[in-house]
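One structure is given here, and the rest of the page talks about it.
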């Protein structure tokens, strides 16, 4: 693919920063992306290379922007089947299976969700000049359910703003050991890195850590377990797992924050992102998406119902 070139003329009465002007002219690109183009010498003012994002434009100044095609990253696309719930030119909504890591990291250099989605990106898409999807939130490896990814800079910036302003509604289903102290409740406890185990998170003392708020609602009771609907109002790492463990009812199968030996035979922890409501790029109204529980989780519930004599509630079924 060849470079895309855009030409603009500044007609403002007062002087204006170059990067601010370009944000208005090229709304599909983030301000940081435009600042990167200026730094790399792809922006010209009066036919001269602009070297500073803060360069002040005057009336009549001619501005040209050359946007090179996205550079291939070291990641290689992998043909991995995906359960795509929704897709358009801006976003992908995927029902992620348990066992799949979202983003490449040490020990996970292939087989991730990012590798799988590379095949679905347009050639002129990508984030910050790289041919890769925009990850705005994550699910743990053993958490199944809904995740949304951006295909381009404009969508990435839009989704980031939605999450930053807490305009995204996410609902999870979690089977926990024991029962919470009340059928419904709200957990407000800051979360920080566990000082004794750097790979874990923990509830922090007051005044430390980052704000974290989680609401929960009992959906079904069993003799030794409870099925909860969980609504995180913030998005901290491992938030639901940490908060439910702090409450005294850790998630079934969570050997990091719960019992080392699972109380139910299950090959993962019982946490599923079942519902997502969000305004998609350019839309005025909210879109909602749902993902049914996978069979390995519905099978656990059916077994518990059979043991306890509960009738099926239909929660999470297909």
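If you fit an axis through the alpha-carbon atoms of helix 153-164 and take the longest principal axis of the Cα set of the chain, what angle between them do you get, 0 to 90°, nearest 10?
50 degrees
Contact order normalised by length for the chain, with contacts defined as Cα pairs under 8 Å and 6 or more residues apart; what percent is it?
14 percent
To check my understanding: the extent here is largest minus smallest coordinate of the Cα atoms along each principal axis. What are those three numbers for region 4-67, in Å, largest first?
Result, largest extent first: 26, 22, 20 Å.
Give me the three principal axis extents of region 141-245 from the C-alpha atoms, as integers in angstrom, largest value leading.
So the three principal-axis extents are 49, 32, 24 Å.
Looking at the square roots a ≥ b ≥ c of the eigenvalues of the Cα gyration tensor of region 202-318, which shape do they give, rounded for a/c under 1.5, prolate if a/b is larger than b/c, or oblate?
Because a/c hits 1.5 or more and a/b fails to exceed b/c, region 202-318 counts as oblate.
Just to verify a number: FRET efficiency for residue 58 and residue 105, C-beta to C-beta distance, R0 = 51 Å, to 0.05?
0.60
For region 84-198, count all C-alpha to C-alpha pairs, find those more than 16 Å apart, and express that count as a whole percent of the total.
The calculated P(r) of region 84-198 puts 69 percent of pairs beyond 16 Å.
When the convex hull of the C-alpha atoms of the chain is computed, what volume per residue in Å³ does it have?
Per residue, the Cα convex hull of the chain comes to 166 Å³.
Where a number appears in this text, it was derived from the coordinates with a stated rule and is not lab data. None of the values given here were measured: they were computed from a predicted structure. We place every Cβ from the backbone using ideal geometry, glycine too, and count neighbours over all the protein chains shown.
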